[in-house]
Amino acid sequence: MKIYSIELIVHQAAKAFRRFPMAMICSILAAAFMIYLIDDKAGMKENVDLYYIIQTLLLGMVAYVGLSVFTQRYTMRSSSVVLLNIALAGLMVYFYFAQPDYFTVKSITRFFILALAAHLGVSFAPFLVNTEVNGFWQYNKSLFIRFLTSAIYSAVFYIGLSVALLAITTLFNVDFGEKIYIYLFITVAIILNTWFFLSGIPSRVIGLEQVRDYPKGLRVFTQYVLLPLVVIYLIILYFYEAKILFTLVWPRGFVSYLIIGFSTLGIFALLLVWPLRDDAAHTWIRTFTKRFFFALFPLIVLLILAVGRRVSEYGITENRYFLIVLSLWLLIVALYFLLSRRKNIKFVPLSLFFAALISGFGPWNAYQVSSLNQHLRLENLLEKNHMLINGKAIRAKKEIKKVDQKEMASIVEYMIDVHGVESIQDLFTQDLLNVTKEKRDEYFNKTDRVLALIGLDSGIAIAGMDDDTDMNYDYSCTRHDGKMVTGFDYYFPVSIYPDNNSYYDKGYIDSLPYNIEYNKKLFAIIININKQSSDTLFLENTFKNLIAEYGQHDNAANSYMQINSSTTKFNYQFEIEGLSVNYDKDKNEKSLSSLRGYMLVIKKIS
């Protein structure tokens with residue numbers, strides 16, 4: 001039994017530093033820059049370079065761990081190790097200088113892609129050219145357990161020191177300042193946690209293939225917690241797929257993330273119990289594995305349909321590109337484990353590693369494909385509306401449908417926000433960098449200036465690039481009541497705010513009783529005067545016409561906000577002043593949020 005003394009802790013810390021010197025230096029520098037950033041009163045705009053330095057150091061920290069375990073496994077010469085370390089430092093410098101002058105979605109997501117790839121690299125670096133399946137599993141088991149242990153130890157250490165600081169502050173009136181707790185958290189999370197984790201990475205990887213140790217607690221956790229959760233998710237998703245086939249309603253966007261989450265959880269659970277698949281007492285694991293990957297195929301098809309619909313409506317964005325890549329990755333992994341005779345679990349992190357690199361870099365990366373796709377959509381819209389001459393955008397010579405205006409505005413906003421104004425420079429004769437050089441970090445100002453060149457306003461841009469299927473539509477109309485009432489027998493205001501999609505009201509006009517109600521199923525209002533013939537005023541056509549002409553929201557013309565109808569007793573003209581509707585595109589369901597206006601009635605002469 002090991003007795004942890006100060007001497008032993010110092011010895012292990014020094015050993016970890018000798019094994020992973022560059023990783024530890026990166027972690028210490030990253031923590032120092034974080035603390036400096038917190039103390040600096042300048043905003044994010046002024047400190048963007050500092051953020052990029054921290055990103056670079058954090059990536060380097062993980063990458064150097066992978067490089068160290070790789071060189072140590074294959075006992076490379078010191079000169080080769082030094083050269084590889086210098087090469088990695090060069091890549092870090094290149095990454096830093098390749099960043100834009102301001103934060104973009106591209107710079108942030110690319111950092112997370114590299115972070116994922118670096119962590120995956122650590123998982124297979126010592127076994128890159130070996131087929132030691134059990135050794136690979138034992139190594140990653142140690143990493144996994146060490147990660148959990150270091151997280152728990154670090155959390156306890158941070159809480160303990162925080163309470164100690166609080167006690168000193170309270171008992172001795174020593175004011176450390178509120179930031180001391182943030183400094184402590186950064187120090188523990190970035191330096192001490194990394195140090196503790198690295199000290200537990202196996203130093204002798206070669207002998208792990210002969211190790212048959214399997215923690216009982218890990219088996220119980222996987223068998224009785226993770227795998228039942230996988231089955232529950234599988235049942236839910238299959239019931240949802242059956243619902244789609246029965247109702248013929250397109251899948252909701254959320255299902256994409258649920259399938260990805262379920263698949264990841266299932267694969268992770270199977271990897272955790274992989275060494276037991278050849279154990280006579282656990283033959284169910286082999287059967288479960290095969291059935292699991294068979295069960296993935298219908299869900300992968302559902303995932304492709306869900307993503308495909310978004311792409312057909314809004315084109316390709318980075319988010320949808322990543323979903324497409326993950327769909328293909330799941331398909332490849334499922335086929336591999338079903339068809340391959342030599343099932344090597346290293347294929348999972350290795351294939352995901354290359355999928356991440358392909359998504360973030362190279363000619364077919366997410367940003368290049370998304371930019372080209374959205375650029376083409378914008379170009380087609382400009383050409384459709386005769387706003388493109390010799391490949392250059394001009395101001396519209398005639399009124400453009402609001403739907404096209406909103407789509408163009410949304411694409412321009414996306415392109416500037418994610419890819420910068422340079423990405424659409426070829427469509428303009430004006431120098432967009434010069435047009436947008438003031439307040440360069442305010443993306444909406446940039447969008448305003450670019451859209452003004454073609455006579456559009458960013459205020460009309462809606463979340464056209466959004467995957468959210470629940471959309472709110474709002475329309476208003478300015479009227480002149482005195483002119484409208486002339487020639488009618490009755491007039492009364494209408495204000496409908498449905499409660500749980502139902503509404504009923506009654507009153508009197510000229511001593512005649514009337515009632516008015518909203519019918520959700522018909523998407524209509526029903527009116528009855530003097531208990532005579534009732535009439536139904538359908539909102540469907542009005543709503544469709546408003547969407548076609550004005551998109552998601554606008555101040556509409558009178559003619560678009562008027563509904564006429566008649567019965568044997570009365571003629572109705574409903575003048576709408578405000579209409580708000582929630583529309584679920586997947587279910588094709590409309591629910592009225594509010595309807596304001598007034599009803600004009602002519603009594604027919606019998």
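Looking at 369, 333, can you tell me which residue is within 20 Å of the chain's Cα centre (by Cα), among the β-branched types (Val, Ile, Thr) and either surrounded by fewer than 16 Cβ atoms within 10 Å (Cβ to Cβ) or part of a helix (DSSP H, G or I) (or both)? Reasoning before the result, please.
Working: 333 fails: within 20 Å of the chain's Cα centre (by Cα).
Exactly one residue qualifies, and that residue is 369.
Is it the case that residue 261 is in a helix (DSSP H, G or I), buried (at least 20 other Cβ atoms within 10 Å of the Cβ) and in contact with a Phe, Trp or Tyr (Cβ under 9 Å, 6 or more places away or on another chain)? When the stated conditions are applied, residue 261 does not pass them.
Screening 231, 255 for residues that are of a type in the set (A, V, I, L, M), part of a helix (DSSP H, G or I) and modelled with pLDDT of 90 or more leaves exactly one candidate, 231.
Name the single residue that is surrounded by the fewest Cβ atoms within 10 Å (Cβ to Cβ) among those in the range 63-120 being charged (D, E, K, R) and in contact (Cβ under 8 Å) with a residue 60 or more places away in the chain. Outline the logic, then answer.
Taking the range 63-120 as the starting set, the residues that turn out to be charged (D, E, K, R) are 73, 77, 101, 106, 110.
With the extra rule that they be in contact (Cβ under 8 Å) with a residue 60 or more places away in the chain, the set shrinks to 73, 101, 106, 110.
Working: 73: 18, 101: 11, 106: 21, 110: 22.
Per the criteria, the residue is 101.
Listed by position, the strands (runs of 3 or more DSSP E) contained in the range 514-606 that have at least 1 residues being under 20 Å from residue 475 (Cβ atoms), touching a residue at least 40 places away in the same chain (Cβ under 8 Å) and among the polar types (S, T, N, Q) are 553-555, 570-584, 589-603. Of all residues in the range 172-213, those being part of a loop (DSSP other than H, G, I, E, B), over 23 Å from residue 18 (Cβ atoms) and either among the small types (Gly, Ala, Ser) or modelled with pLDDT of 90 or more (or both) number 1.
The residue that is surrounded by the most Cβ atoms within 10 Å (Cβ to Cβ), among those in the range 177-224 that are touching a residue at least 12 places away in the same chain (Cβ under 8 Å) and hydroxyl-bearing (Ser, Thr, Tyr), is 194. Quickly run through the range 405-417 and pick out the residues that are modelled with pLDDT of 85 or more and not polar (S, T, N, Q). Those that are modelled with pLDDT of 85 or more and not polar (S, T, N, Q): 407, 408, 409, 411, 412, 413, 414, 415, 416. Pairs needed: first member in the range 36-48, farther than 12 Å from residue 179 by Cβ; second member anywhere, part of a loop (DSSP other than H, G, I, E, B) and at pLDDT below 60; C-beta distance under 7 Å; at least 6 residues apart or different chains. Once the first residue is farther than 12 Å from residue 179 by Cβ and sits in the range 36-48, its partners that are part of a loop (DSSP other than H, G, I, E, B) and at pLDDT below 60 give 45/441. Looking at the range 338-360, can you tell me whether even one residue there is of a type in the set (Ser, Thr, Tyr) and not in a helix (DSSP H, G or I)? The answer is yes; a qualifying residue exists.
For every residue, the table says whether it meets (1) exposed (fewer than 13 other Cβ atoms within 10 Å of the Cβ); (2) touching a Phe, Trp or Tyr at 6+ places or on another chain (Cβ under 8 Å).
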site	(1), (2)
235	yes, no
289	no, yes
308	no, no
313	yes, no
316	no, no
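Checking each residue in the range 182-213 for being hydroxyl-bearing (Ser, Thr, Tyr) and more than 17 Å from residue 30 (Cα to Cα) picks out 199, 203. In the range 360-380, the residues that are over 18 Å from residue 114 (Cβ atoms) and assigned by TED's automatic domain parsing to the domain that holds residue 405 reach residues that are small (Gly, Ala, Ser) and part of a helix (DSSP H, G or I) with C-beta atoms within less than 9 angstrom, at least six apart or across chains, in these pairs: 371/423; 374/423; 375/423.
Here residue 414 does not qualify as in contact with a Lys or Arg (Cβ under 7 Å, 6 or more places away or on another chain) and either assigned to a loop (DSSP other than H, G, I, E, B) or hydroxyl-bearing (Ser, Thr, Tyr) (or both).
Scanning the range 305-330 for residues that are farther than 19 Å from residue 258 by Cα and in a helix (DSSP H, G or I) turns up 312, 313, 314.
When the residues of the range 109-130 are filtered to those that are aliphatic (A, V, I, L, M), in a helix (DSSP H, G or I) and out of contact with any Lys or Arg (no Cβ under 8 Å at 6 or more places or on another chain), the one that is farthest from residue 413 (Cα to Cα) is 122.
Within the range 352-361, is there a residue that is touching an Asp or Glu at 6+ places or on another chain (Cβ under 8 Å) and either surrounded by fewer than 16 Cβ atoms within 10 Å (Cβ to Cβ) or among the aliphatic types (A, V, I, L, M) (or both)?
Of the residues in the range 352-361, the ones touching an Asp or Glu at 6+ places or on another chain (Cβ under 8 Å) are none.
There is no residue in the range 352-361 that is touching an Asp or Glu at 6+ places or on another chain (Cβ under 8 Å) and either surrounded by fewer than 16 Cβ atoms within 10 Å (Cβ to Cβ) or among the aliphatic types (A, V, I, L, M) (or both).
Summed over the range 538-561, the residues that are over 35 Å from the mean Cα position of the chain (by Cα) and surrounded by 18 or more Cβ atoms within 10 Å (Cβ to Cβ) give a count of 1.
Determine, yes or no, whether residue 235 is hydrophobic (A, V, I, L, M, F, W, C) and over 16 Å from residue 299 (Cα atoms).
So residue 235 does not fit the description; no.
Applying the criterion of being outside any loop (DSSP other than H, G, I, E, B) and modelled with pLDDT under 85 to the residues of the range 387-403, the residue that is farthest from the chain's Cα centre (by Cα) is 402.
Tallying residues that are closer than 13 Å to residue 231 by Cα and in contact with a helix residue (DSSP H, G or I) (Cβ under 6 Å, 6 or more places away or on another chain) within the range 268-291 yields 3.
Taken over the range 121-133, residues that are surrounded by fewer than 17 Cβ atoms within 10 Å (Cβ to Cβ) and in contact with a Leu (Cβ under 9 Å, 6 or more places away or on another chain) amount to 1.
The values are calculated or read from the model by the stated rules, or taken from the named source; none is laboratory data. What you see is a predicted model; the values in this text were computed from it and never measured. Cβ atoms come from the backbone with ideal geometry, glycine included; neighbour counts cover every protein chain shown.
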